Structures are given as C-alpha cells and as structure tokens.
Amino acid sequence: KLSPMQKTWVLDLDGTILVHDGPYIYGKDQFLPGAKEFLDNIPSQDIIIFLTARGEWEKEHTLRF
C-alpha cells in the first residue's frame, strides 16, 4: 500500500512516455500505448518532472505538446 503523501514522479519523455525516434522532429509527438492513461491517473497533488535529451530547437514544440 502506497503512502497517501504527495509523490514526485521523474519520467523520461522519448521511449518512456512518447514514441522515440522521429515523430517529434516533425511536430507529431505520440504517446506510447497506455502512457496517457498512466499520466491521467497520477493524482493532481503529485508533482511530475519530465526529463529529455531533446535539443533547444525542440523546446517550444515539446512544451506545447
């Protein structure tokens, strides 16, 4: 049983939450199967930190997505 206290989730984007190798280059990010549902089930009081190795030129698109 998990503690009811607030949690912090640290997740990588590409290959963990989003499809890796390509779609984001064309502005077409896609969730991996089940990833959106997983994120939707994280309690709103929790904190989510996303990590990525994407370049600065991809920042604007990534933040919009």
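Checking each residue in the stretch 1-15 for being open to solvent by 70 Å² or more (accessible area, probe 1.4 Å) and over 12 Å from I48 (Cβ atoms) picks out K1, L2, P4, M5. Determine if the stretch 46-61 includes at least one residue that is among the acidic types (D, E) and in a loop (DSSP other than H, G, I, E, B). Yes: the stretch 46-61 contains one or more residues that are among the acidic types (D, E) and in a loop (DSSP other than H, G, I, E, B). Annotation note: of A53, A35, the sole residue that is open to solvent by 70 Å² or more (accessible area, probe 1.4 Å) and among the small types (G, A, S) is A53.
This table checks each residue for (1) in contact (Cβ under 8 Å) with a residue 40 or more places away in the chain; (2) in contact with an Asp or Glu (Cβ under 9 Å, 6 or more places away or on another chain); (3) at negative phi.
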residue	(1), (2), (3)
L2	no, no, yes
D12	yes, no, yes
G15	no, yes, no
H20	no, yes, yes
L32	no, no, yes
E37	no, no, yes
S44	no, no, yes
T52	yes, yes, yes
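Can you say whether D29 is surrounded by 10 or more Cβ atoms within 10 Å (Cβ to Cβ), acidic (D, E) and touching a Pro at 6+ places or on another chain (Cβ under 9 Å), as far as the supplied structure shows? The answer is yes for D29.
Of all residues in the stretch 40-50, count the ones that are within 10 Å of L11 (Cβ to Cβ) and surrounded by 10 or more Cβ atoms within 10 Å (Cβ to Cβ). Quick ask: steps written out before the conclusion?
At the first step, the residues of the stretch 40-50 found to be within 10 Å of L11 (Cβ to Cβ) are 42, 48-50.
This time we only want the ones that are surrounded by 10 or more Cβ atoms within 10 Å (Cβ to Cβ), so: 42, 48, 50.
Summing the residues that are within 10 Å of L11 (Cβ to Cβ) and surrounded by 10 or more Cβ atoms within 10 Å (Cβ to Cβ) in the stretch 40-50 gives 3.
Every listed requirement among (1) touching a residue at least 12 places away in the same chain (Cβ under 8 Å); (2) within 14 Å of the chain's Cα centre (by Cα) is met by E58 save one, (2).
The values are calculated or read from the model by the stated rules, or taken from the named source; none is laboratory data. Keep in mind that what you see is a predicted model, and the values were worked out from it rather than measured. Note that we place each Cβ from the backbone using ideal geometry, even for glycine, and neighbour counts take in every protein chain shown. Just the protein is used for accessible areas: all its heavy atoms, side chains included, with ligands, DNA and RNA removed. Shrake-Rupley method; radii C 1.70, N 1.55, O 1.52, S 1.80 Å.
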